[in-house]
Each structure stands twice: as C-alpha cells, then as structure tokens.
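Just below is one structure, and these are the notes that go with it.
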C-alpha cells in the first residue's frame, strides 16, 4: 500500500452559510450543527485518503473557541493527521468569516477518528500518510500522543 501526502485528501475551504434555523436562543449557531458538518467533512477526507467507506469511531478535544451568528460563513478545513493500521485521525478547524469585512476568526477545533471498512464491513488496512510541512509533522506527532492518551483512558 503506497503512502499518500496529507495534501492529497485535505479540504481547505468547505463553506456553508449560517441561517436562522441554525441558531440557538442566543442567536449563535448550534454547536451540534457545526459538529454535524465537521463530521461529514472529515468523513470525506478519510474516504479520499483510504479509498474506503469510513465510519466515525470517536471525536476528541472538541473546543468551541468563539461564537458565530446569522450571516456568517463557516469555513471548514480538514486533513489526515496520522494513520494507524485501520484507523486514522482527521483534524478539523472551523473559521467564521464576516461576509462584509472578510474578517475570519477561529471558532472550533476537533479531532475525529475514523475506521476504514472493507466491502464485508470489517476494519481494513489504510495507506500511511506522509506529513510534508512543518505544521503537518507537528500534527502527526501530536496525533500519536492523543492516541496513546485515548488508549490509556479506555
């Protein structure tokens, strides 16, 4: 199985607009709505990397850093941080953009673990990922530390 660079499957600018039905009583977007879109975006990255159907195994370290409101444009960035035998971590960063000023602010970060499935719906091997940039290498190393923590806390 040939290793693939992070950039082969990364999504850098998946966008969606916030509408009134996405807002809670405070006028900010529901966290669950953001996570729903993040999960779908991360699943696409996992599927692109593995060439297999992938299912969400876990979501770690979801951090809501700032609110977003009506009219803001959400920008989802996602990439494979690390691959193990049948699973992989996909990191998600969500930005909110004010459509008037184009000002962007980081509002959510999370880590999704996916398992690739064979045609028989069994976990199957995944090609390794090649981190190329310094940021990708940092995320690659940090993913292993998060995995070890997850395994320790089982």
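Values quoted throughout were computed directly from the atomic coordinates according to the rules given, and no laboratory measurement underlies them. It should be emphasised that the depicted structure is a prediction, and the values quoted were computed from it without experimental measurement. Note that we place each Cβ from the backbone using ideal geometry, even for glycine, and neighbour counts take in every protein chain shown.
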If we keep only residues of region 23-69 that are touching a strand residue (DSSP E or B) at 6+ places or on another chain (Cβ under 6 Å) and assigned to a loop (DSSP other than H, G, I, E, B), then the residue surrounded by the most Cβ atoms within 10 Å (Cβ to Cβ) is 68
Filtering region 134-144 down to residues that are under 18 Å from the mean Cα position of the chain (by Cα) and more than 11 Å from residue 89 (Cβ to Cβ), which residue is surrounded by the most Cβ atoms within 10 Å (Cβ to Cβ)?
-> 136
Which number in (1) touching a helix residue (DSSP H, G or I) at 6+ places or on another chain (Cβ under 9 Å); (2) under 15 Å from residue 40 (Cα atoms) marks the one condition that residue 93 misses?
-> (1)
Options 56, 86, 41, 15; residue that is within 20 Å of residue 142 (Cα to Cα) and under 15 Å from the mean Cα position of the chain (by Cα) = 56
Mind checking which pairs have a first residue in region 140-154 that is touching a residue at least 60 places away in the same chain (Cβ under 8 Å) and a second that is surrounded by 10 or more Cβ atoms within 10 Å (Cβ to Cβ) and part of a loop (DSSP other than H, G, I, E, B), Cβ under 9 Å, 6 or more apart or different chains?
-> 144/84; 147/84
Surrounded by 14 or more Cβ atoms within 10 Å (Cβ to Cβ) and either in contact with a helix residue (DSSP H, G or I) (Cβ under 6 Å, 6 or more places away or on another chain) or without any contact (Cβ under 8 Å) to a residue 12 or more places away in the chain (or both), is that true of residue 81?
-> yes
Qualifying positions in region 100-123 - touching a residue at least 60 places away in the same chain (Cβ under 8 Å) and surrounded by fewer than 17 Cβ atoms within 10 Å (Cβ to Cβ) = 117, 118
Where residues in region 84-95 are assigned to a strand (DSSP E or B) and without any contact (Cβ under 8 Å) to a residue 60 or more places away in the chain, which of them is farthest from residue 70 (Cα to Cα)?
-> 87
